[in-house]
1. Every residue in region 99-116 that is out of contact with any helix residue (DSSP H, G or I) (no Cβ under 8 Å at 6 or more places or on another chain) and buried (at least 19 other Cβ atoms within 10 Å of the Cβ), please.
2. Which condition number in (1) under 21 Å from GLN268 (Cα atoms); (2) touching a Lys or Arg at 6+ places or on another chain (Cβ under 6 Å); (3) surrounded by fewer than 16 Cβ atoms within 10 Å (Cβ to Cβ) is the one that GLY343 fails?
3. Do we find a residue being modelled with pLDDT under 90, in contact with a Cys (Cβ under 8 Å, 6 or more places away or on another chain) and not β-branched (Val, Ile, Thr) anywhere in region 88-110?
4. Any residue at all in region 295-305 that is closer than 19 Å to PHE246 by Cβ, of a type outside the set (A, V, I, L, M) and assigned by TED's automatic domain parsing to the domain that holds ARG390?
5. When you look at GLY391, is it more than 27 Å from GLY231 (Cα to Cα) and either in contact with a Ser or Thr (Cβ under 9 Å, 6 or more places away or on another chain) or part of a strand (DSSP E or B) (or both), yes or no?
6. So LYS273 clears everything in (1) exposed (fewer than 15 other Cβ atoms within 10 Å of the Cβ); (2) modelled with pLDDT of 80 or more; (3) within 18 Å of the chain's Cα centre (by Cα) except one condition, right? Which one?
7. Go through (1) farther than 17 Å from LYS227 by Cα; (2) β-branched (Val, Ile, Thr); (3) touching a helix residue (DSSP H, G or I) at 6+ places or on another chain (Cβ under 7 Å) and name the single condition VAL348 misses.
8. I'm checking my understanding of the structure. Among residues of region 321-343 that are part of a strand (DSSP E or B) and not hydrophobic (A, V, I, L, M, F, W, C), which one is farthest from TYR220 (Cα to Cα)?
Amino acid sequence: MMKLNFFAGFALFCLASCSFLQPVSLYEEVAEEDAFADFPFKEIFTDSQSSGVNGLKKQICKTIEFPKEGSNVGEDHIHLKWNKTADCRYVGMGFAWGNYQGKDLTSIVDIAAIEFIIRMEQGSSTKLPLFFSINDYGNKACRSKINYLDIEGGVIDTNWTRVRIPLQTFNYEQKGVNLANIKDFRIELQQSGNVHIDAIRIVRHDHAYPSSPGRNSSEYVGLLPMKIGVGQTHWWGINPAYSEAFRFIPGGLSSIESNASTFQEAVQVDYLKVKGNVWNDFGFAFHQWDRVNLSEIYRTMALHFEIKSTAIPKLRVSLVSYTGPQRSIQTMLRPEHVRPLDGGYSEVYIPIKGFKNYEKVNWSAMQEVRMKVLQNAQFEIGNFELIEFRGNPEKPTQWKGI
């Protein structure tokens, strides 16, 4: 009888215990960390009262003022006027970012940018002679500058324009800068200018560029022949609302001998070199702003395009990589590059080996092609591609393979 009572009681205990045996996870779920949200030093300059600014001593070459009128976020903003000459060894200003506390940028370098708004006192431009530097406590500095792609609307004029400088564009690895212990932020002034700047801060940013070395990034492996400059969204420097020097040609450029079966971007150039007209260059991505790998083919490769003109324009051609000991190589368009066709058209062949220091760019991470017009010119240009070339780089049009 006692055994029966024991088993009955034990069964009732087990039944009662079932209501308390709920599934329990072995580990509590931890919210994913947001490195940008956790970064405490997002504000660099709000106004002259709340933000530390240095380099204000008046020089022959520069003046810095803090006007209140037209300010965006604080009580005032920065007005910079400068004209760098031999009398001034350094022209610039600095910011006591975070009151000079050591700042660790390692967790946000690939997800953030330095943003500010800027306007010119007069005129408009796609570039300005400004350099930006981040400095560590070991007295090492890394630099970057305004890229056409990071100007909102593609041009800086007399209206406030938002500009971003992605942190990963600063050459911190090359210069050995310790991103884990950053001291301050500085603006270095070159040549001459007259601009207003306000609201300098760190913002979250999705890069149009590949991630920093060591991170996964979008790579495109090039094969010959390879059409480049495809799609107007991957060009910069062409905005008829601000400058009529460059316009896209509807329908592209097609000579009798080009046999172009598909439409490809082409540009009409009407450039007049006068004082104040600094809008004289344009460019395009090799392939959708991907990191383009040409490392296996560049030694037997040439840049090929068509041009329609009554005379060979004074044109500087640059190829730019995302990384490398030297990020760009360049050459001038010369008569030996040009093979005349009918109807005023010409084919242009520029061998890669014809570019000075062509081995110094990182051919596994190519970015873009840039064209700068150096004197008055009227011409049409388009149908850009990379082709195989195994001839003499000094006499490219004489190679039997073209």
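1. Within region 99-116, GLU115, PHE116 qualify.
2. The one condition GLY343 does not meet is (2).
3. yes
4. Checking region 295-305: at least one residue is closer than 19 Å to PHE246 by Cβ, of a type outside the set (A, V, I, L, M) and assigned by TED's automatic domain parsing to the domain that holds ARG390.
5. Criteria met by GLY391.
6. Tallying (1) exposed (fewer than 15 other Cβ atoms within 10 Å of the Cβ); (2) modelled with pLDDT of 80 or more; (3) within 18 Å of the chain's Cα centre (by Cα), LYS273 fails exactly one: (3).
7. (1)
8. Per the stated criteria, the residue is PRO340.
The values are calculated or read from the model by the stated rules, or taken from the named source; none is laboratory data. In this text the structure is predicted, and so the values were computed from the model without any measurement. No Cβ is skipped: glycine too gets one built from the backbone with ideal geometry, and neighbour counts run over all protein chains shown.
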